[in-house]
Structure formats: structure tokens, C-alpha cells
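Here the structure is laid out as C-alpha cells; the discussion comes afterwards.
The values are calculated or read from the model by the stated rules, or taken from the named source; none is laboratory data. Please read these numbers as outputs of a predicted model, since none were measured by experiment. Note that we place each Cβ from the backbone using ideal geometry, even for glycine, and neighbour counts take in every protein chain shown. For accessibility, only protein heavy atoms count, side chains too; no ligands or nucleic acids. Shrake-Rupley method; radii C 1.70, N 1.55, O 1.52, S 1.80 Å.
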Amino acid sequence: MNQTALGTGKAQSGGGARRGAQVLERLRTRPPTIWYRGELVRDVTTHPALRGGVNTLAQLYDIQWEHADTTLFDSPTSGRKVARSFMLPKTIEELRSISAAMKVWEDHTHGMMGRVPDYINRAMSGYAAGAPYLSEADPRFGANAVRYHEYLRENDLCLTHTLIPPQANRSVNSARQADPFLAARVKEETDAGIVIRGCRMLATLPISDEIMVFPSTLLKNPEEDAPYAFGFSIPNDTPGLRFICRESVDYGRSHYAHPLGSRFEEMDAVVIFDDVHVPWESVMIYRDVQRCNQAYARTGAVVHMTHQVVVKNIAKTEFMLGLAHLLVDSIAAEGFQHIHEKLAELWVNMETMKAFLRAAEADAQLDEWGVMRPAWNPLDAARNLFPRLYPRMVEIIQQIGASGLVAMPLEEDVRGPLAEDIKRYYQAARADAFDRIPLFRLAWDASMSAFGSRQVLYERFFFGDPVRMAGALVAGHQSQIQEHAERVREFVRQGRDEAFAAATR
Ligand SMILES: Cc1cc2nc3c(=O)[nH]c(=O)nc-3n(C[C@H](O)[C@H](O)[C@H](O)COP(=O)(O)OP(=O)(O)OC[C@H]3O[C@@H](n4cnc5c(N)ncnc54)[C@H](O)[C@@H]3O)c2cc1C
């Protein structure tokens, strides 16, 4: 029995914006079906591989109340305080208020937890805004998106999402894999809903309440791909749904030893649908290849998500700049020219991301659904650029930190019999050993640990394959590129005409 409030037809009412204790309580009483190292995780709030990230997730919900003026707004239906990232903005001021709200969580996580709940909150807000587009296929689907968005907002639930089929054979589509049920597909349709069997490659933040299941890969064949073309959301404890985690990048150590990994492990998991029943009330797209291909863009969901991503990029770049400066300062490396160049590079990255955000908001326009949609061009540029900037920023931390990143004792050493050695030999020009060690451990965690390298992979890929995103950019901006090409053509023509005219004079 699917227990989604939508599925059971319960009212949309909820308590509005949650606090951390409620987040933990929901995860305890309705645990996502998560498997870790061969075992079912009974309680994600206490499991060593997951509890660090879960605790941070819960903290975020307390923080939203500490900054309620910035992060919350009055629900248009219940009047309760709800998260601003569920807002459908009508003005540029409202749009800016959303990014200000999103920055609060990003500052707390320093951009190191890509899936703070705002990310999917913005996606679902986009789908709700563009509900008329979903309704063109079936009026129920648009209504479901609107109702689901309201349900999430009023209950302040946290979502993960899963988009792509498993990486078995990328040279053919899902229907032509050796096993046509490898990729999640419709197995059957009933009066009550649809049954899904198969797998989706990845979901970051399985430690969440519900999952949004939409395709992002371009589906090509309207007939063949139809069983794979759907969009729905269901609770993470839905029978038959299970998540298989990768190895945790939280080493189970203290904030001193593992400052990022111990706090911000959001986890990634493969998602298996073992004949999962999805009630019609939860379905937003069904067997509709064209709508799957266009929904992100037409509803505006991709734009609102990218808006959130750029706020994350700013916070993350600010963090890397601050970290680089502290490393430089501690070992008195500020006099070297190449250090200036590296700090300047980080600064320029930060200002570039800020400029993209500012431009996207300044040039925002009401879209066809009456929602203030950020301008796409700067956001599209940002999402194509950041996958290249972030790995370079990590490289800069390595280049500045050098052997300091590995000449790092552990907590036990600092407190052990060699404490005097450590005090003497780990000092820095402007920091004693006890200040220097946690700073350099932070730099190690950002640039070298399993946590740090997973961040690099995340930034390279989480929004899609950079190669295909570049292809989409070129295709999407063809007419603007063409305009510039025409001006160059005209310039070439002028030169040619002048030369010929001179020759015939
Ligand atoms: C840390 C992390 C977190 C993620 N979180 C999520 C999540 O929460 N939800 C979610 O749905 N997804 C998530 N993703 C998946 C992300 O969407 C994909 O990584 C991305 O879309 C690329 O797909 P892929 O990883 O399957 O790579 P593949 O498609 O398998 O590509 C592998 C290689 O082949 C090349 N290639 C494959 N096909 C083509 C083609 N047609 N044209 C040109 N080159 C091609 C690629 O360029 C790449 O070099 C996450 C990824 C990472 C790394």
C-alpha cells in the first residue's frame, strides 16, 4: 500500500516549515529503504555511514527558523510559514528573495552538500508552475503536479531525484539493452496506477523523504522509448523501492579530523524499482517521449534548478577562496607572484558566478505560466562553466598546500606522547600547530580525501554530461550564435569588397 498523502487522498495540510527534530522523526518512523554494505539500514539517523549527513540535513531545518525572515514566507493556501524555495515568484524582488533564502543553507554547508532540499524544491516548483503543459497530455497530470507541490510545501518534505538509466551499454537506448527491464520501465498499468520494474543509475541524498523520478536523457523513439517515458514522485519507503549506497565518504571521525566528510556526506545510491506500484495521483508524465524531452525546459524546472545551483556555486567558490587565503597566510606565502595569480583566479571565479546570478535575476521575465523566470542564458553559461572551474579550484588548493596537505598528524597524535614534537614541528609562520593542523586537514578534505574527490566528480557530472550539455547549449542558442556569425560574415564581406573595388579602380 503506497502511503503517499497524495495516493491516499489525504488533505494537503501540514505543519508548514519543519524543524530538525521533525526531519529526524520522519526518517526514523518512515525510513527510506537503504542498503549499505550488504545490510538494510534500520535507522539512517544513527547509522555511522549516514548520520553525519542526516544531522546536517536536520540542522538546515532548524536554521531556516533561525533566519525565518529570509528563508520562509506565508503559504498562499494555509497562511503558515513555509520554505521560500517553494515560492512561485511573480516579481524580480520575489525571485531575489528566493536566492537570498537559498544562500542561507549554502553558507551553512559551504556549497559542499549539493542536494540541500532547495534543489528539488525549485524543480517541483517549476513543474507546478508549468502544470498546464503537463495537463495538455492529461488534465490529471497537471493537477497532480500542482497538488504535489502544495503537499511538499505544506509538509516541508525533502526530495531526492533520479533521472538516468544504468550505465550498462551507452551505445543503445534503454529498450535495446540486453535486458529491457534493466532501466526502470512500465511493467503494467492498472486502474490504480502503474507498476515500475528496473533500475535508475543514481540518486544523491537517499536520506530524504520522497523521490522524484523523471527522465533526463534524450529519448529518441516515440514507440520504443515510451515505456521508459514517465515522471512521478513517491515516498522513499514505498514497497519495492530500494537504494543501494556507495561506500561512505564519512570516515566516522571527528569534525577536527574530517571536517567536511563528517558533516556533509549526502550519499549517492542506485535506485531499484522492484515492481513498485505508483498510484495515478502521483503520475505527472506517462508514456510520453516528447513531453519527457521537453518538460524540464517548457515548465521552467531546469531554469529554477539552475538558479539554485548558481547560488551553491557562489557559496562554494567563496569557501575555496577563503580556504586558499588562510593556507597562504598561515605559511606566509603571500609574497609569491603565482600565489597572487591563484588567489586572483579564485576571486574571478567567484565574481563570475555572482555576475551570472545577478544577470539571471536582473533579466528575469514572466514566463508563459505567469512565473518570474530567471534569464536562461547566464544560467546556462554558469552550468557549463562550473564543471571546469571546480576541479581547477581543487587543484589550486593542492598547489598552495603542497606537502602540508599530507604532513598532517591525526587527533590521537596531537593528544598523544608526541604532543611536544607536534607543537614544535607543525607550527606555521602565523599559526601554532594546534591551529594549523585543523586548517590543513580541512584543505586535505576539500582536495584529497574521498569526500574531496567525490565533490570533484559531483561538480563534473551532477547536472549532466558536460559534453552533451555543451551540445545542448550550442543547439539552444543557435539563432543567437548565428546573429554574431552574420556580423562577422558582413565584416569579411566588406574587406573582400573593398579589396576587389581597389583592384578594379
Ligand atoms: C556524484 C554524482 C551525483 C549524481 N547525482 C545524481 C542524482 O541525484 N540524480 C540523478 O538522476 N543523477 C545523478 N547523477 C548522474 C548524472 O546525471 C550523470 O553522471 C550524468 O548525466 C552523466 O551520465 P553518466 O554518469 O551515466 O555518464 P555516461 O552517459 O555513462 O557517460 C560516460 C562517458 O561516455 C560519454 N558518452 C556517453 N554517451 C554519450 C553520448 N551520447 N555522446 C557523447 N558522449 C557520450 C560521456 O561523455 C562520458 O565520458 C550524479 C552523478 C554524480 C557523479
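FRET efficiency for the Lys90 to Ser13 pair, using the beta carbon distance and R₀ = 25 Å, is estimated at 0.55. A cut-off of 5 Å between modelled amide H atoms, ignoring neighbours fewer than 5 places along the same chain, links Asn169 with no other residue. Peptides 293-300, 77-84, 456-463 ranked from most to least packed, by the mean per-residue count of other Cβ atoms within 10 Å: 293-300, 77-84, 456-463. Model label sites at Leu473 and Asp107, defined 7 Å from Cα along the beta-carbon direction, differ in position by 3.0 nm. When only the Cβ of Lys, Arg, Asp and Glu is charged (+1, +1, -1, -1), the dipole of the chain relative to its Cα centre reaches about 340 debye. For the chain, the residue among Ala470, Ser449, Gln398 whose Cα projects farthest onto the positive side of the dipole built from Cβ charges is Ala470.
In order along the range 310-315, phi translates into HN-Hα couplings of 5, 4, 4, 4, 5, 4 Hz, rounded to whole numbers, per the Karplus curve 6.51 cos²θ - 1.76 cosθ + 1.60 with θ = phi - 60° and x for Gly and Pro. Dipole of the range 300-464 (Lys/Arg Cβ +1, Asp/Glu Cβ -1, origin at the Cα centre): which of Gln337, Phe319, His304 lies farthest to the positive side? The residue sitting farthest along the positive end of the dipole is His304.
Straight Cα distances below 15 angstrom link Lys220 to the aspartates and glutamates Asp288, with same-chain residues fewer than 8 positions distant left out.
Run the helix sum for the chain: -39,500 (n - 2.57) per DSSP H stretch of 4+ residues, divided by residue count, reported at 222 nm to the nearest 500 deg cm²/dmol.
Theoretical 222 nm ellipticity from helices: -16500 deg cm²/dmol.
The share of accessible area on the range 20-298 that comes from carbon and sulfur is 51 percent, using a 1.4 angstrom probe.
Can you give me the Cα centroid spacing of the range 318-369 and the range 453-505 in angstrom? One Cα centre to the other: 26 Å. Per residue, the average separation of C-alpha pairs within less than 8 Å and at least 6 apart gives the chain a relative contact order of 16 percent. If R0 is 22 Å, the Cβ-Cβ spacing of Ile164 and Ser453 corresponds to a FRET efficiency of close to 0.55. The packing ranking of peptides 276-282, 379-385, highest mean first, is 276-282, 379-385, where packing means the average number of other beta carbon atoms within 10 angstrom of each residue. Packing here is the average count of other Cβ atoms within 10 Å per residue, and on that basis the peptides 345-353, 36-44, highest first, run 345-353, 36-44. Classification of the range 82-201 by its C-alpha gyration tensor yields an oblate form. The axis ratio a/c (a ≥ b ≥ c) is 1.5 or more, and b/c is at least a/b.
What full-extension length gain, to one decimal in nm, is calculated for Asp62 and Glu334 as 0.36 nm per residue of separation minus the Cα-Cα distance?
94.0 nm
Distances between placed amide hydrogens fall under 5 Å for Ser75 paired with Arg80, Lys81, Val82, all partners being 5 or more residues away or on another chain.
For the pair Glu395 and Thr46, what calculated FRET efficiency results from E = 1/(1 + (r/R0)^6), where r is the Cβ-Cβ distance and R0 = 45 Å, to the nearest 0.05? It would help to have the intermediate numbers written out before the result.
Numbers: r = 37 Å, r/R0 = 0.82.
The pair Thr46/Glu395 has a calculated efficiency of 0.75.
Taking a ≥ b ≥ c as the square roots of the eigenvalues of the alpha carbon gyration tensor, the chain is oblate, as a/c is not under 1.5 and a/b does not beat b/c. Sequence-ordered 3J(HN,Hα) estimates for the range 43-58 from the Karplus curve with 6.51, -1.76 and 1.60 and θ = phi - 60° stand at 9, 5, 6, 10, 5, x, 6, 10, 5, x, x, 4, 5, 5, 4, 5 Hz, glycine and proline given as x. Under 5 Å between amide hydrogens, built in the peptide plane, is the criterion, and for Leu202 it picks out Leu163, Ile164, Val271 among residues at least 5 positions away or on other chains. Is the shape of the range 20-298 best called rounded, prolate or oblate, per the rule: a/c under 1.5 gives rounded, else a/b larger than b/c gives prolate, else oblate, with a ≥ b ≥ c the square roots of the Cα gyration tensor eigenvalues? Oblate, since a/c reaches 1.5 and b/c is not below a/b.
Placing +1 at every Lys and Arg Cβ and -1 at every Asp and Glu Cβ, with all other atoms neutral, what dipole size does the range 20-298 have around its Cα centre, in debye to the nearest 20?
Working: 31 positive and 36 negative charges, 79 e Å.
That gives the range 20-298 a dipole magnitude of about 380 debye.
Say the dipole of the chain comes from +1 at the beta carbon of Lys and Arg and -1 at that of Asp and Glu; which of Ala355, Pro166, Gly495 then lies farthest toward its positive end? Highest projection toward the positive end goes to Gly495.
Taking label points 7 Å from Cα along the Cα-to-Cβ direction, Arg489 and Ala502 give a separation of 2.5 nm. For the range 461-473, putting each phi into the Karplus relation 6.51 cos²θ - 1.76 cosθ + 1.60 with θ = phi - 60° gives couplings of 10, 4, 8, x, 5, x, 5, 6, 5, 5, x, 5, 4 Hz, in residue order, rounded to whole numbers and with x for Gly and Pro. Projecting label points 7 angstrom from Cα along Cα→Cβ for Phe461 and Glu136 puts them 3.3 nm apart.
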